């Protein structure tokens, strides 16, 4: 895709242990390495090769990965 594109800010995390789904707002400038499932209490960590829990268990990858490794500027990738 050429030019700027919109960043998805919310991702639905799905716990692989209990199947609970929870919508979380993703940070735009960092990766989230740990997430506690509010249903079963499992501590989720990224799968090997993924940078964060959103890339492993989310409905959308983290904003830095959405921007192909770049840092998002505002609400668009440049």
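Among 12, 53, what is the fewest-to-most ranking by other Cβ atoms within 10 Å?
On the way: 12 13, 53 23.
Ascending Cβ contact count within 10 Å gives the list 12, 53.
Based on the reciprocal of the average 1/r between different C-alpha atoms, the Kirkwood radius for region 10-65 equals 11.0 Å. Peptide packing for 54-67, 37-50 was compared via the average number of neighbouring C-beta atoms within 10 Å per residue; ordered from the highest value, the list is 54-67, 37-50.
Where a number appears in this text, it was derived from the coordinates with a stated rule and is not lab data. Since we're looking at a predicted model, the values are computed, not measured. Quick reminder, even Gly has a Cβ in these numbers, built from the backbone with ideal geometry, and neighbours come from all protein chains shown.
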